[in-house]
Amino acid sequence: MKLNCKKCGNEIYLLHLTEEQKFEIWGMVKQDLKLFAIKKIVDDFGLSHKEAKIIVSHINPDYGTCNRCENDELDSENIECIKCGAFNFNFKEPVFNSEFCSHLEYKLDFDSLGMENVVGYWCDGVDCYPYDLKSLSKERIKKDKMIVTRAWIGKGGQGIYEMNIKFGKQSINNYINGLSLIDCIPDGAHKTWIKIEPEKNKIQISLK
Ligand SMILES: [Zn+2]
Ligand SMILES: [Zn+2]
């Protein structure tokens, strides 16, 4: 199906994207990898470079906000802006997002782990874009029960670690229902939910 954007006049293909394709394309756009997003659309749907480029230019950077004007009240996925007429692919971000990742970052207290080799370590960020963007789909979370991403950890907070985030019952449930994961970060003095191997640059987090 095609439609015309009332703002720029371009013809836009409405793609039927699976959840995995949606997160891959959305994640590439968010990470400023628009050329990769265009290539994926060309490869997956057999469209021309120009057609794919038009699609990518209509993906809005933030859910709810129009890609052409200041209207921030867009509330469905494929929507025409009532203010400027621009068509928007308005993809909702997953609940594994930058807000959750910064909460996780602040909860990582390595001094309390009782491991001499990580005393003085701190985390300077958790990447909310996993290595495999497809792993953000609800189906994959149900099946794999984990997300693998990067985190910056060390004395200067700058060593690059592979972070394996394991999902428990509550976090799987929240993820599937689109609820925040912040409450699924364990608390308390016993930091058994954090397993770090500094010699391998690996860390494992177990959510509730
Ligand atoms: Zn347009
Ligand atoms: Zn608009």
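Laid out as a table, the results:
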read-out	value
Unique residue being of a type in the set (Gly, Ala, Ser) and either exposed (fewer than 15 other Cβ atoms within 10 Å of the Cβ) or over 19 Å from residue 27 (Cα atoms) (or both) when the list is 159, 125	159
First in the range 65-84 and under 26 Å from residue 18 (Cβ atoms), second anywhere and within 10 Å of ligand 1 (Cβ to nearest atom) and not in a loop (DSSP other than H, G, I, E, B), Cβ under 7 Å, 6 or more apart	66/88; 67/88; 74/88; 79/88; 80/87; 81/88
Any hit, the range 66-73, residues being among the hydrophobic types (A, V, I, L, M, F, W, C), near ligand 2 (Cβ under 9 Å from one of its atoms) and more than 16 Å from the chain's Cα centre (by Cα)	yes
Enumerated strands (runs of 3 or more DSSP E) restricted to the range 1-93, each holding at least 2 residues that are under 21 Å from residue 136 (Cβ atoms)	87-89
Meets criteria (among the aliphatic types (A, V, I, L, M) and surrounded by fewer than 18 Cβ atoms within 10 Å (Cβ to Cβ)) for residue 203	no
Test for residue 58: is it outside the structural domain of residue 127 (by TED's automatic domain parsing), within 14 Å of ligand 1 (Cβ to nearest atom) and either of a type outside the set (A, V, I, L, M) or modelled with pLDDT under 95 (or both)	yes
Residue tally, condition away from ligand 2 (no atom under 16 Å from the Cβ), touching a helix residue (DSSP H, G or I) at 6+ places or on another chain (Cβ under 8 Å) and not aromatic (Phe, Trp, Tyr), over the range 1-32	11
Sole exception among (1) of a type outside the set (A, V, I, L, M, F, W, C); (2) surrounded by fewer than 21 Cβ atoms within 10 Å (Cβ to Cβ); (3) at pLDDT 95 or above for residue 90, by number	(2)
Condition broken by residue 132, with the remaining ones in (1) under 11 Å from the mean Cα position of the chain (by Cα); (2) within 16 Å of ligand 2 (Cβ to nearest atom) satisfied	(2)
Unique residue being hydrophobic (A, V, I, L, M, F, W, C) and over 20 Å from residue 103 (Cβ atoms) when the list is 147, 160, 153	160
Selection from the range 46-58 of residues that are more than 14 Å from ligand 2 (Cβ to nearest atom) and in contact with a helix residue (DSSP H, G or I) (Cβ under 9 Å, 6 or more places away or on another chain)	47, 48, 49, 51, 52, 53, 55, 56
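The values are calculated or read from the model by the stated rules, or taken from the named source; none is laboratory data. Quantities reported herein were computed from a predicted structural model and do not represent experimental measurements. Here the Cβ is made from the backbone with ideal geometry for all residues, glycine too, and neighbour counts use every protein chain on show.
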